[in-house]
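The values are calculated or read from the model by the stated rules, or taken from the named source; none is laboratory data. Just so we're clear, the structure is a prediction, and the values are computed from it rather than from any experiment. All Cβ positions, even for glycine, are placed from backbone atoms using ideal geometry, and neighbour counts span all protein chains on display.
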Amino acid sequence: MNGALLSSPVAVIMGALNGLFVACLAHFTVGGAAFAIIILAETILLCARLASLRRVKATRAGGEIPYIDLPVTLSLLWCGLQGLLFFFAMRTGNTAIMVITAAHCMGLVGPLCARNYAAPRLAMLLVGLSVCPFLIGAATTGDPVMLALLALLPGFLLGALQLLANYRSAMLSALSAEMINADRARHDPLTGLLNRHGLEGVMKSLSRDDVFSLVCFDLDGFKPINDRFGHAAGDGLLCEVASRMQAALDEGQILARIGGDEFLALLPSQGAEKTEATIEAVLANVSSAPYPVDGTSLVQIGVTAGFACYPEDATDITELHVRADRALYAAKKAGKGFGTRYVPSLAA
């Protein structure tokens, strides 16, 4: 809704210029104080709306969600002003002015529906503020034929509603597909855990003042089981292991699968001592009981871990991952089945 309402400065400017054109044409052709007042009000509103959009842009640039109260209020005022313009222009009796006014009025409906599809009731209110005075002005010109416009009103409103529904349906479908694709890009399709890309996104969102640990896990004995029982059994085993690992973590701690039988855990606000305790809990959960495969056989799986702490061991996320991985490699080389922290002697 914010994006649709507030991100169209070109539409704001063009709508205002069209309104000023019609008002100026009527003023210089027919005259009257009404059009002079409308021209002045149109100019003031345009300046206010552009200033509002600049503030919105600055708020977005700061990473915040802008308030829409003022832009919506200004949109309501502008559409009401257009309604007054249409009313007085239709009552001039000047054929050229009336035709141009009708063209401007009808030209507003599409953009109003397109920009405000996320708020259908607001869109219909904006359309009504613009169109209803036009119809009243036309119907009170004294020309009986103009009364026919009132008969067209129900069909016109239904058409606007259909236009809104079509815009809304199309945009919601596009947004839904975009959200699904974004979610798939961040998650492992097998286990449902975050993947490497998703975990990196979480780590990049952390403050440089935060303290956290990054743990690399690698399963022990998985490949022979995968080769013996097949990939389907291996996939089921990975899902069960992931479930046990996740169960050992506290709320707010994030587990990700980065490929094969490799997992990463992000432990926010946790130093070395607490991380070692968490690793022990994960190792115990993973190896606590055998895993059923192919319906009859039971297999045992172990896990080895290596970790590094931010900012003690590295002040760069990429380097932190590298050092946690080196600690994992050292643990596997030393005998597997336990966790160890990175130390400077492991540097390449």
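Structure notes:
- Residue check for Ala16: over 18 Å from Ala103 (Cα atoms), part of a helix (DSSP H, G or I) and more than 25 Å from the chain's Cα centre (by Cα): no
- Residue check for Arg208: part of a loop (DSSP other than H, G, I, E, B) and surrounded by fewer than 20 Cβ atoms within 10 Å (Cβ to Cβ): yes
- In the range 72-81, residue surrounded by the fewest Cβ atoms within 10 Å (Cβ to Cβ) [restricted to those that are farther than 14 Å from Ile13 by Cα and not hydrophobic (A, V, I, L, M, F, W, C)]: Thr73
- Output for the range 269-299, where each listed residue is over 30 Å from Arg208 (Cα atoms) and among the aliphatic types (A, V, I, L, M): Ala284, Val286, Ala289, Val293, Leu298, Val299
- Residues within the range 293-311 that are surrounded by 14 or more Cβ atoms within 10 Å (Cβ to Cβ) and modelled with pLDDT of 90 or more, tallied: 11
- Test: residue in the range 271-288 that is in the same structural domain as Ala232 (by TED's automatic domain parsing), surrounded by fewer than 14 Cβ atoms within 10 Å (Cβ to Cβ) and among the polar types (S, T, N, Q): yes
- In the set (1) in contact with a Cys (Cβ under 7 Å, 6 or more places away or on another chain); (2) over 18 Å from Ser130 (Cα atoms), the condition left unmet by Ala48 is number (1).
- Close Cβ contacts (under 6 Å, 6 or more residues apart or on different chains) running from residues in the range 93-114 that are over 29 Å from Met171 (Cβ atoms) to residues that are among the small types (Gly, Ala, Ser) comprise Ile97/Ala26; Ile97/Ala89; Thr101/Ala89.
- Residue in the range 314-345 that is surrounded by the fewest Cβ atoms within 10 Å (Cβ to Cβ), counting only those that are of a type in the set (D, E, K, R) and closer than 17 Å to Lys204 by Cα: Asp316
- Filtered residue count, the range 40-67, keeping only those that are of a type in the set (A, V, I, L, M), surrounded by fewer than 17 Cβ atoms within 10 Å (Cβ to Cβ) and within 30 Å of Phe88 (Cβ to Cβ): 5
- Within the range 168-202, the residues that satisfy the criterion of being assigned to a loop (DSSP other than H, G, I, E, B) and either of a type in the set (Asp, Glu) or exposed (fewer than 11 other Cβ atoms within 10 Å of the Cβ) (or both) are Asp188, Pro189.
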